[in-house]
Amino acid sequence: MEDKRVTRRDFLLRVGALGLAGIGGSALLSACGGGQQQQQQSGAASESGTSASAELTCTDVSGLTAEEIQMRESLQYTDHSPYPDKTCANCQLYVPAESPDQCGGCQLIKGPIHPNGYCTSWVQKAT
Ligand code: SF4
């Protein structure tokens, strides 16, 4: 069985390759196992009828390995971007969820990703 651990060297190589390849996307997606769309939704969202993305939380890392969690932390992922014009939803690496009440994914880091989230590897989505 394939060893899915991501070493620091692997991570740096992937990030470097990403920049050089001009955001190749799909290859990295499969390499990282990205696109995994886990969700953790507050029950209040569906009950109150408030904006789904406002109530959505994408912080459940229970299915991730220690290395995957470390990568998420090292890139300072957060559900709430500190920059209004830089969110996961307009990041080239974001993998949208099937519906607005679900977390999306990321081609770079594993785990659930909020459309309003952000990390230090944010890349402007190509138009
Ligand atoms: S901002 Fe970071 S976590 Fe969000 S989609 Fe882009 S690379 Fe992934």
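Readers should treat all values here as calculations from the given coordinates under stated rules, not as data from a laboratory. Since we're looking at a predicted model, the values are computed, not measured. A quick note on method: Cβ atoms are made from the backbone with ideal geometry, for glycine too, and the neighbour counts reach across all protein chains shown.
Here are the numbers for this structure:
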| quantity | calculated |
| --- | --- |
| Residue order, fewest to most surrounding Cβ atoms within 10 angstrom, among 68, 98, 73, 55 | 98, 73, 55, 68 |
| Extended-chain gain in nm, criterion 0.36 nm per residue less alpha-carbon gap, residue 57 and residue 99 | 13.7 nm |
| Label-point separation in nm, residue 127 to residue 70, each point 7 Å along Cα→Cβ | 4.0 |
